[in-house]
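Here's the structure, in structure tokens; my notes come after.
No lab work stands behind these numbers, since they all come straight from the coordinates. Bear in mind that the values here come from a model prediction, so they are computed numbers and not experimental data. No Cβ is skipped: glycine too gets one built from the backbone with ideal geometry, and neighbour counts run over all protein chains shown.
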Amino acid sequence: MAPGVTAQLVGPLWRTLPWRALAAAGTLGLLVAAGPLATGAEPAPWQTLLVLRGVALIGALGLVFLLDDPARHLTAPVPAPRPVRQALRVALVAPMAVLWWTAVLLLSHSASRPPAGAVSLEAAAVGVLALAVAALAVRLTDEASPGPFVAAALLLIAVLAPLLAPEGWALFVQADDPRWPAGHDRWALLLAVAAVVGALCGPEPLGRGARRLSRAGAPG
Amino acid sequence: MTSMTPTVSASGLSLHYGRTRALDDVSLRLSPGVTGLLGPNGAGKTTLLRVLATAVPADRGAFTVLGHDPASARGRQEVRRRLGYLPQTPGFHPDFTAFEFVDYVAILKELADRRERHREVRRVLEEVDLGDARGRRIKKLSGGMRQRVALAAALVGDPGFLVLDEPTVGLDPEQRMRFRELIAGAGEGRTVLLSTHQTEDVAMLCHRVIVMAAGAVRFDGTPAELTARAAGRVWSSTEKDPGAKAGWRTGTGSFRNVGDPPPGAEPAEPTLEDGYLLVLDGADTEVAA
């Protein structure tokens with residue numbers, strides 16, 4: 001890519017970010033996190049963990065819209081590669097996501113809060129998984145804005161994962177559970193796999209197998 | 001402007017979506033001027049355009065654009081630097097102004113120098129008659145104006161090869177006429193491939209026409225040659241001729257028939273659309289040029 005292009009892209013890409021979805025998810029997440037504090041309740045550790053996991057999911061549901069691009073078809077064959085554009089979008093949002101999650105942790109009940117590092121790892125894994133699923137949707141379909149479908153898929157995954165995950169691969173364990181450390185090894189693995197999948201989905205054009213799902217965009 | 005070296009040279013392009021054959025051994029050479037691409041829905045027009053625009057790779061076959069082969073990543077970059085593409089459904093960031101949107105596309109096309117880029121953006125917006133509307137948000141523009149923004153985005157950077165996928169669809173007659181002027185202007189000195197359902201667009205704009213059906217090229221020649229396919233095969237009658245491949249009542253009350261005329265039929269002047277209908281009918285499927 002020509003020198004200077006990446007820097008010039010920052011301004012326009014900043015404006016194309018899905019601010020409504022991000023703001024809605026961010027606000028809702030903060031409200032849920034602040035719920036126990038606002039009501040003066042003293043939640044049990046498992047309740048605080050449940051709230052934090054729920055807030056992480058809410059944040060991830062906002063992130064699934066990050067790769068939506070209404071001008072996708074018009075900007076498909078341009079020299080600036082899609083992975084660069086996607087990476088820039090993620091880079092622009094990442095600092096805000098970190099600040100937001102820090103605020104969520106500060107709002108949670110300190111006496112019953114699980115280890116911050118471990119629960120932050122879970123939040124990061126869910127966020128990166130959301131982005132990976134979004135990148136996969138962009139890669140495999142012709143949808144310019146697959147965010148709503150990806151959000152539905154992520155919700156489904158969030159509901160089914162605790163129910164269907166094998167006992168030896170439990171992710172949603174409590175902090176006092178002896179499986180807590182092993183569970184977080186698995187969260188770290190999930191984070192790494194999601195990051196790799198997301199990165200692999202960036203390049204275009206599509207390969208042969210993936211094109212079968214892109215049929216909708218080729219009517220004529 | 002004409003050139004001996006074709007801008008685009010493609011041979012044996014084939015592409016399948018699952019079991020569906022979208023492109024079937026398509027070969028063509030495009031030179032400067034406007035080439036029309038006609039065909040029914042599902043003929044493979046959009047797929048061919050997307051392949052030539054490097055948005056989708058073909059399963060088989062090869063092509064070059066201005067001497068660059070997009071099979072390699074480097075070649076694809078070079079092709080994209082020389083390409084303007086207006087897809088069927090462009091899509092916009094509605095809060096951008098026309099200027100901001102075309103400027104954004106210009107950055108994506110690697111026009112890094114801000115001052116030169118802004119000059120180029122103003123130039124293309126003037127070219128599509130949006131100079132006065134460049135500060136208006138896209139969500140406030142009419143459909144025809146949005147289509148012109150998309151054309152400006154395709155034209156920015158002065159590409160040598162312009163791919164337009166049904167740019168006049170959904171436009172009213174006045175807007176369509178205006179768009180024809182713009183496409184005719186864009187075709188001066190550069191190669192334009194125009195996919196359309198409008199045979200009038202082809203008749204008025206194109207120096208050459210390609211007809212596709214079922215993913216294959218059925219006709220490749222001049223509009224006059226396509227019209228000539230219907231010479232002696234269009235006739236008028238007072239009743240619809242049951243032997244006609246197509247027939248319809250005209251405004252004068254008589255029937256216009258296309259096909260193999262019966263003895264003594266009253267011949268009518270053929271049009272490009274008649275030739276197109278006959279090519280699609282399968283009576284003439286060989287490539288003419």
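Among A:Ser110, B:Ser237, B:Ser11, sorting on how many other beta-carbon atoms sit within 10 Å of each Cβ, with the fewest leading, yields A:Ser110, B:Ser11, B:Ser237.
Stokes-Einstein, applied to the Kirkwood radius of the stretch A:34-130 over Cα pairs at a viscosity of 1.002 mPa s and 20 °C, places its translational diffusion at 141 µm² s⁻¹. Treating r as the C-beta distance of A:Ala103 and B:Asp281 and R0 as 60 Å, the FRET efficiency rounds to 0.30.
The mean number of partner chain beta-carbon atoms within 10 angstrom of a residue's beta-carbon across peptide B:87-94 is 6. For the pair the stretch B:170-247 / the stretch A:18-84, the C-alpha centres are spaced 51 Å from each other. A crude spin-label estimate for the pair B:Ser254 and B:Glu116, with each label 7 Å from Cα along the Cβ direction, gives 6.1 nm.
Protection proxy ranking for B:93-100, B:266-273, A:89-96, B:28-35, using the average of other Cβ atoms within 10 Å per residue and placing the highest first: B:28-35, B:93-100, B:266-273, A:89-96. Spin-label model, A:Ile157 to A:Ala116: label points 7 Å out along the Cα-to-beta-carbon direction sit 2.7 nm apart.
Inter-chain Cβ neighbour count for B:8-19, averaged per residue, equals 2 (cutoff 10 Å, partner chain atoms only). Based on Cα contacts under 8 Å between residues 6+ apart, chain A shows a relative contact order of 27 percent.
Peptide B:46-54 has a mean of 4 when you count, residue by residue, the C-beta atoms of other protein chains within 10 Å of its C-beta.
Specify the angular offset, from 0 to 90 degrees and rounded to the nearest 10, of the alpha carbon long axis of helix A:180-200 from the longest principal axis of the alpha carbons in chain A. Result, in degrees: 10.
Treating each Cα of chain B as an identical point scatterer and summing with the Debye formula, the log10 of I(q)/I(0) at q = 0.11 Å⁻¹ comes to -0.69.
Taking only the Cα atoms of chain A, the ratio Rg/Rh comes out at 1.01, with Rh defined as the Kirkwood radius. Taking the Kirkwood radius as Rh and the Cα radius of gyration as Rg, the protein assembly as shown has a ratio of Rg/Rh equal to 1.09. Evaluate the Debye formula for the stretch B:83-158 with equal point scatterers sitting on the alpha carbons, no solvent, and hand back log10 of I(q)/I(0) at q = 0.26 Å⁻¹, in q order, two decimals. With one equal scatterer per Cα and no solvent, log10 I(q)/I(0) is -1.28.
Rounded to the nearest 10 degrees, the inclination of helix A:5-16 to the longest alpha-carbon principal axis of chain A is 60 degrees.
Spin-label model, B:His207/B:Asp59: points 7 Å from Cα along the beta carbon direction are separated by 3.5 nm.
Expressed in units of 2.2 N^0.38 Å, where N is the residue count, the Cα radius of gyration of the stretch B:209-289 is 1.11. A straight chain from B:His197 to B:Asp95 at 0.36 nm per residue would run longer than the Cα-Cα distance by 33.6 nm. Along the axis of the charge dipole computed for chain A (Cβ charges of +1 for Lys and Arg, -1 for Asp and Glu, origin at the Cα centre), the listed residues A:Thr6, A:Val159, A:Leu31 are led at the positive end by A:Thr6.
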